[in-house]
Amino acid sequence: MEKSVIINICRGIKGGECRFALSVEDGFSNRIEETIVATGWPEFLKEQFGDNISRHKIFSVNAGACPNGCSRPHIADMGLIRVCVPIIDHDGCTTCGECVDHCPDDAMEIIDRKVVINRDKCLVCGFCTKTCPEDVISCSSSGWRVVVGGRLGRHPKLGAELPGVYNDAEALDLIFKGLKLWMENYEVGKRFGQTIDEVGHDKLLQD
């Protein structure tokens, strides 16, 4: 297993101190590993190359507890970014402006004495839920943004983001499907992202 996959998680997921980190279930990184083992990927790679497994043949999953990207999810085969979709209880909002002042993406503004979230700018980091002194901003849903196909090397490319927000089980299922697609369409020398680009990202979203 140790030579077939690299799982890189940020300190927020590990339980370390980070003021930006959103809550992640304990043991989630173990569930990533269990999902990869369930695909048969370690055995598949062993059958293909024996002990001659170089770095670019190894499947990588990077997961971060916020959009800051400390674990570099955008350059992994599959990257997970923890999110909180904010919603405002306007009945309790005093329009103090704390959320507006502290939003790292300038996604909040006061219009006609009402705080408005610009969904096009919002990275669903949930930081506003921590800065509101009235506790009237909460997460309408929590989960993961998922990016696929990132890589460095001769032809570097940032991963492409799949549409939507996924719960833990759905994110793990996407990892499972991604690896299965790679194995089914495997070509020596071709990276995971190249294969998924050719097969089509929509295949990951099919039941």
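The values are calculated or read from the model by the stated rules, or taken from the named source; none is laboratory data. Every value quoted in this text rests on a predicted model; they were computed, and no experiment measured them. Methodologically, a virtual Cβ is constructed for each residue, glycine included, from the backbone with ideal geometry; neighbour enumeration extends over all protein chains shown.
Some points to look at:
- Residue within segment 60-76 that is closer than 30 Å to T129 by Cα, without any contact (Cβ under 8 Å) to a residue 12 or more places away in the chain and surrounded by fewer than 21 Cβ atoms within 10 Å (Cβ to Cβ) present: no
- Residue tally, condition part of a helix (DSSP H, G or I) and in contact (Cβ under 8 Å) with a residue 24 or more places away in the chain, over segment 1-46: 18
- Complete set of residues in segment 77-108 that are acidic (D, E), closer than 30 Å to L158 by Cα and surrounded by 13 or more Cβ atoms within 10 Å (Cβ to Cβ): D77, D105
- Any hit, segment 110-117, residues being touching a helix residue (DSSP H, G or I) at 6+ places or on another chain (Cβ under 9 Å) and more than 20 Å from R82 (Cβ to Cβ): yes
- Hits in segment 139-172 - residues which are of a type in the set (D, E, K, R), assigned to a helix (DSSP H, G or I) and without any contact (Cβ under 8 Å) to a residue 60 or more places away in the chain: E170
- Taking the criterion of being in a strand (DSSP E or B), surrounded by fewer than 17 Cβ atoms within 10 Å (Cβ to Cβ) and either in contact (Cβ under 8 Å) with a residue 12 or more places away in the chain or assigned by TED's automatic domain parsing to the domain that holds N62 (or both), the residues of segment 110-138 that qualify are I110, S138.
- Checking each residue of segment 95-109 against the condition of being in the same structural domain as L80 (by TED's automatic domain parsing) and in contact with a Ser or Thr (Cβ under 8 Å, 6 or more places away or on another chain) gives no match.
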